[in-house]
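The block underneath contains the structure these notes are about, expressed in structure tokens.
The values are calculated or read from the model by the stated rules, or taken from the named source; none is laboratory data. Please read all numbers here as calculations on a predicted model, not as lab measurements. Cβ coordinates were reconstructed from backbone atoms using ideal geometry, including for glycine residues, and neighbour counts include every protein chain displayed. Heavy atoms of the whole protein, side chains included, go into the accessibility calculation; ligands, DNA and RNA do not. Shrake-Rupley method; radii C 1.70, N 1.55, O 1.52, S 1.80 Å.
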Amino acid sequence: MGATISIFAEKPSIARALVRAFSIVYKLKFKGRKGKSRYNYLYESSIDNQKVFFRIEKDEFRLRKEDRIIITSVTGHILNFDYLPPFDKNTNWQNSDPLDLIELEPIEVPIQENVVSHVEEVGKESDVIVIATDWDGHGESIGRQIVDVASRLKKRLRHGRMHFTSTNPLSLKKAFETQVNLDWDWIKQVDSLRKQDLRMGSSITRFLTVGIQNQGIHNQIVSYGPCQTSVLWLITKRFFENRDFQPEKFWRVSIKISTAEGPFFLNWKGNPATEEEIVDSLVSKLEKIGVGTVTEYNEEAGVIKRPIPLDTDTLESECAQVFKISPKHVADIAEKLYNFGYITYPRTESSYYLEKDLTKLVEKFISVEEFGQIAQECISLGGSKNPSKGKFSKDHEPIKPVKAAVRSDIEKSFGKTPSLINHAWNIYSYVVWRFLATVHSEAQIVNQYIILTAGDEEFLATGRKITDLGFLAFYRFRQITRKELPQLEKGKEHPIEAYKHQGFTTPPPLWSESQLIRKMAELNLGTDATRSTHLDTVQKRKYTTVEGSRRILEPTPLGIALFQILTQNAEDLIIPEIRGKVESWTLQIREHEKTPEDVDSLVIELTTQGLQRMKANQEEIFDTLVQGFQSMTGIGKKLGTCPECQSSLLLHYGKGDSRFLKCSNSLCETSFPLPKKGDLTVIGNEYCRICNGIPLLISSKSYSWIMCPVCWTRESVQDRPWFCTDCDRTDCPFSGSWKIISPEQFLGNCPDCTGDVLLKFDKNNTQVICDKCKRTWKAPNLRKGSSITISDPCEKCGHPTLFVVKRGKKPYRLCVFCSLFFFQEKYFHFFWDIK
């Protein structure tokens, strides 16, 4: 019986890419069958008369006719670190002391039993297994897990490791034929870091979560992770710097001269000035002098350098900024483009091409209409043989396209989702344009510099002329300002006019996702493969929110509470420098400067000290967390009266995203479910005329509606309205009928006379009118699915305001007398003062 060579990919899509590649380069015919894991198929082919060989280091293997190849996959890590019961994650957390977890030695447990069984079964019938996981630290660790599990049922199993950065058939063929051994030092580093993340994360998470559960906040987890909380620290610290910023005055001085091209301004060399007296004295002095002399006019040739080859951080930050999507979404799409064979591996820190001549790759784009002309220029200008150079890294080559594609190719690969296709095409196009820019020509410029002297004061102006656009002619992702200065004769005098300008210092801007990715890279926080994931995690944990098209990051009340707790009690566990220190300790394992046991001791000491300080202040800590939860989610907030016992209905959260109203009376089991999605807002002091409950505004990005939770629940069993707009009660301001036949409502006294200002509705028209002098004020008209009710007094004039709800719009309060808008805030935007 022949030998069996089994190849394990990290994910099913790479297994399919290997099947396609081997079918092309070796002419093998694969048949697929199900394995023990439903998502991890087995693709099997006999060798027949094909010539197939490979090396593992110095050992060569030539496959014979009776041999066979099996290609299959796992789905990421197959083993995870956890603790033995009763300390494991599935045992009741109330039964263990978080401090005990810190010194325990984690063990590896299966993530999915069926995947482990799948690997065991394949290993049992194999003679050689080949690891084809991603070429990074986690890929190396997954390879070790596969070898360990596959060897359980068959000892002395030979294994090799493929290194590839592209799923191109020729790249996979080369990787298969020139295999190496697993990098065990790298594996020790990654596994140690995974252990430390568990050690620090599980102990602190359990301490905080059990604490809030004992305070009555159930079904909620306060998650701590060394990276995610460091990201939270950056976001929240900048939030407070922005909020507490006190602007300061400053002044600038400029002079104006007349030139053939028109008026021209130059700035004082001493700008900006913080003392107005100095500026006033200078302006007065210049007015007396009246003229200035050009003492220097220089023009110097220069270049705007081509962008360097593309790394992961640049890909995620620039695409997130330009295309207005999250870095995590960029990373996910780039991963799919790699799996489909359009680009190279998208996780790399390298920005240095190993190839000296990229002409063959550039030639692939000549036939594509969108890229063809520029690709031809890259070859004719010689840039394809002299690409730009960045930082050399040992891991992967820079991100670049593998094959030329048009939009229809992307559509076939990414299915029928228009938004996904658009994002995929935009990111693929960005990678191509970036690559072509690195092998094109640099932009040629002339830097201009003028100094004009008035008395003993110098005034400056700088400019730039672009003589050859080079790569800037097509690379729209680099914006360069062009400011040409007028030609001035050295030594010539010009009449001057002096100007004084006042300004104010501005606060540091809140972080956007794209900016924070760059900052994390600067601080060495996380890796190129994980930074976007950490940003996504703090949003999923509801520690931060993303606002606007620029995707600005703001902390939630829960995020602020966690920041406050860790900063005041265990700062070493949240500041980014400490996370970088832990990663540097594990890196020293790979460099043989530390042992895994050394790192264990350092992290145990660091975590124990922080947790002990938190336990000493646990009462204050848990009060702060509960306040954060209540402010963000409304947990425990009264949202109505129980129809059974007349006690309060309080907001509660269940498993997942479920939420409901529950009676505060412990002897009453009345509860009412609420929609899972949408922000909840209490509308003024109104109540439902049917059940006496409090109507709620449910609002999402595209829709808003008013509902009574009690009526909403009972609708299926009684003749109750589904939403308030379906109700026919004429005495309720939220019903559909009230908008047609509604009573006049008093809004206050008229500011022009002693009459009463009334709110009236005539079908869909809204009137605000004085019953005496007949003066009117503008107010929004009613439409289907909208409502207008009287709300709280105006902060400026004291008159009642109108609370306006329109379908698909953000609700707001309006004072018709002052024409002021007051936007209703969401629960998670209520911040409290933290000193």
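A probe of 1.4 angstrom, applied to the heavy atoms of all protein chains, finds T462 with accessible area near 80 square angstrom. Charging the Cβ of each Asp and Glu at -1 and of each Lys and Arg at +1, and nothing else, the dipole of the stretch 322-442 about its Cα centre rounds to 260 debye. The accessible area of C645, taken with all protein chains in place and a 1.4 Å probe, comes to roughly 50 Å².
Taking amide H positions as modeled 1.01 Å from N, with prolines and chain starts lacking one, the residues under 5 Å from N80 and 5 or more places away or on another chain are V109, I111.
Hey, if we sort K188, K328 by accessible area with the 1.4 Å probe, largest down, what's the order?
Correct descending sequence by accessible area is K188, K328.
Taking 31 Å as the cut-off for C-alpha to C-alpha distance, list the pairs among K29/K412; K51/K124; K542/K615 that go past it. Over 31 Å apart, Cα to Cα: no pair at all. Cross-link partners of K385 among lysines, defined as those whose alpha carbon lies under 24 angstrom from its own and excluding same-chain residues fewer than eight positions apart: K174, K305, K356, K360, K364, K394, K400, K403. For the stretch 363-402 versus the stretch 185-211, the spacing of their alpha-carbon centroids is 42 Å. Cα centroid separation, the stretch 623-677 to the stretch 417-472: 56 Å.
Within the same chain, aspartates and glutamates fewer than 8 places from K483 are excluded, and of the rest, those with a Cα less than 19 Å from its Cα are E261, E296, E299, E300, E442, D468. Its alpha carbons considered, the stretch 346-410 gives a radius of gyration followed by a Dmax of 13.0, 35 Å. Karplus-derived 3J(HN,Hα) values for the stretch 522-536, using 6.51 cos²θ - 1.76 cosθ + 1.60 with θ = phi - 60°, are 4, 8, 6, 8, x, 10, 4, 7, 10, 4, 5, 5, 5, 4, 5 Hz; glycine and proline are entered as x. So what is log10(I(q)/I(0)) for the stretch 218-260 at q = 0.24, 0.29, 0.35 1/Å, when the Debye sum runs over its Cα atoms only? So the normalised log intensities work out to -0.92, -1.00, -1.12. Accessible surface calculations at 1.4 Å, restricted to protein heavy atoms, place the chain at 48 Å² per residue.
Taking a ≥ b ≥ c as the square roots of the eigenvalues of the Cα gyration tensor of the stretch 274-414, is the shape rounded (a/c under 1.5), prolate (a/b larger than b/c) or oblate? It comes out prolate by the Cα gyration axes.
With θ taken as phi - 60° and the Karplus curve 6.51 cos²θ - 1.76 cosθ + 1.60 applied, the whole-hertz 3J(HN,Hα) list for the stretch 125-137 is 9, 9, 10, 9, 10, 10, 8, 10, 7, 4, 8, 8, x Hz, x standing for glycine and proline. Every pair of different Cα atoms in the stretch 185-238 enters the Kirkwood calculation, which places the hydrodynamic radius at 12.7 Å. With the convex hull of the Cα atoms taken as the outline of the chain, the averaged projected area works out to 48.8 nm².
Computed over the stretch 530-631, the percent of Cα pairs more than 18 Å apart is 61.
Close amide H partners of L310, meaning residues 5 or more places away or on another chain with modelled amide H under 5 Å apart, are I399. Note on the stretch 588-683: Cα-Cα pairs beyond 21 Å make up 58% of the total pair count. Take each peptide in 746-758, 88-100, count the other Cβ atoms within 10 Å of every residue, and average; sorted highest first, the result is 746-758, 88-100.
What does the charge dipole of the stretch 203-300 about its Cα centre add up to, to the nearest 20 debye, if the Cβ of each Lys and Arg holds +1 and the Cβ of each Asp and Glu holds -1?
620 debye
Probe radius 1.4 Å, ligands and nucleic acids ignored: give me the carbon and sulfur share of the accessible area of the chain as a rounded percent.
49 percent
Please identify the trypsin sites (Lys or Arg not before Pro) of the stretch 232-294 that satisfy two criteria: DSSP loop assignment and at most 16 other Cβ atoms within 10 Å. Which are they? Numbers along the way, then the final one.
On the way: sites: K237, R238, R243, K249, R252, K256, K269, K285, K288; in loops: K269.
Sparse-neighbourhood loop trypsin sites (Lys or Arg not before Pro): K269.
Would you kindly calculate the translational diffusion coefficient of the stretch 124-224, applying Stokes-Einstein with the Kirkwood radius from alpha carbon pairs, for 10 °C and a viscosity of 1.306 mPa s, and quote it in µm² s⁻¹ without decimals? In µm²/s, the coefficient is 96.
Our helix-only sum for the chain, with -39,500 (n - 2.57) per DSSP H run of n ≥ 4 divided by its residues, gives a mean residue ellipticity at 222 nm of -10500 deg cm²/dmol. A cut-off under 15 angstrom between Cβ atoms defines the neighbours of E66, and their net charge, with Lys, Arg +1 and Asp, Glu -1, is 0. Taking the Cα centre of the chain as reference, the dipole from Cβ charges on Lys and Arg (+1) and Asp and Glu (-1) amounts to some 3160 debye. The 3J(HN,Hα) values that the Karplus relation (6.51, -1.76, 1.60; θ = phi - 60°) gives for the stretch 462-472 are, in residue order, 10, x, 8, 10, 9, 8, 8, 5, x, 5, 5 Hz. Gly and Pro appear as x. Rolling a 1.4 Å probe over the protein heavy atoms leaves F240 with an accessible area of roughly 30 Å².
Neighbours of L650 by Cβ distance under 10 Å: Lys/Arg scored +1, Asp/Glu scored -1, total +3.
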